[in-house]
Amino acid sequence: MTDKVSGKKNVNYKEIFDAFPESIIILDQNFSILDMNDNAETTFRISRQKARGKTSNLFMPIELEQLAKRALEEERTIFGDEMNPTLRGGEKISIQAIVSPLFTTKGNIKGAILQIKDMTATKFLSSKSIQEISTSRFETLMLGLAHELKNPLSGIRGASQLLADETENIETIKCAEIITREVDRLSSLLDSMKQLEPVAQEVLEPLDIHDILMEIIYLESLSDAQGNIQYKQNYDITLPPIQGDRNSLKQVFLNLIKNASHAIQGEGQIEISTRWITEHKLKGQKAISVDIGDNGHGIARDSLEKIFSPFYTTKQEGSGLGLFLAYQIIAKHGGAILVESELGKGSIFTVYLPVSIN
């Protein structure tokens, strides 16, 4: 729109409002929505047309309402700490908010304006940076151990077999068999560490992530003889192929789905979902995510920080390498794995992977 006298373009305040990088929500004194910008629509998964005139508790977490109430009561701007509220649909977000009261020209309060920063992408990138550092450190350690132990184990196995062949003592034979069996178990663990080797570019190919997931779920459902586990699949069919090593990625998702199955005692449900990631990019590339959630027993808070560490396990017969190797494989594909869990309610593992288009 142009001013006919000056020839200058008038300011389009809606464009400015929507250009703010933060989510902006304007409330009246009764906590009804007056307006919100584009980013607020994205953050809270609701259109402004639907929100206008409705009370804020239609979609706004109680933590934000309490912050706004405090700003109105104290008649000053309130700077909130980082919070992790749950949206009405059950999705958890990470945000930081500033709430300021709005005054009339006579100095009376007529509402509040909320400025909300989405911290999810910042936390994600920070976590991914930590993962990349950990990847390099543990990879060096594991590969070094694998190479150093392989030859001695071969020697021990040969000696135990020779011992069993040279004696008729039943107890000695039993001990030799135990030694052979344990050596074979350790050799199998060392072989699994070969997954830590760099993923060669020549083995990467365009892959449909849904084909991999559906194949794994089909095989796992066949192995569930009692049929106690239900698999719910929510796939975004618009997702493009990813560049990856099929066998390595199959190992990752098989491990995650098996872990979800083991976490369920009796009957339960595993939900697998895929979606575009629009909040951020992975090293400049667009990304997708795969969520694998279960309603099992959950993971204790003190274990969440350790589950991707090598040899850490809560299973009696676990090696402690499954999640560690999954962690490394996804990192080598330029992605990351995050986990959220609550005891008694279940866990959600989220795998982020870049796609080859920009």
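Structure data summary
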| read-out | value |
| --- | --- |
| Residue 38 versus residue 170: modelled label distance in nm, points set 7 Å from Cα along the beta carbon direction | 8.2 |
| Proximal charge balance of residue 97 [Cβ under 13 Å; K/R count +1, D/E count -1] | -3 |
| Spin-label model distance (nm) - residue 208 vs residue 103, 7 Å beyond Cα toward Cβ | 6.3 |
| Projected label distance in nm at residue 230 and residue 81, using a 7 Å step from Cα toward the beta-carbon | 3.9 |
| FRET efficiency for residue 156 and residue 269, using Cβ-Cβ distance with R0 set to 41 Å, rounded to 0.05 | 0.35 |
| Contour excess over end-to-end distance, with Cα ends at residue 66 and residue 110 and 0.36 nm allotted per residue | 14.1 nm |
| Computed lengthening from residue 58 to residue 73, 0.36 nm per intervening residue step minus Cα-Cα distance | 3.2 nm |
| Estimated FRET transfer efficiency (residue 285, residue 49; beta-carbon r; R0 30 Å; 0.05) | 0.35 |
| Full-extension gain in nm, residue 215 to residue 276, via 0.36 nm per residue minus C-alpha separation | 19.8 nm |
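Only the coordinates and a few stated rules stand behind these numbers; no lab work does. What you see is a predicted model; the values in this text were computed from it and never measured. Cβ: placed from backbone, ideal geometry, glycine included. Neighbour counts: every protein chain shown.
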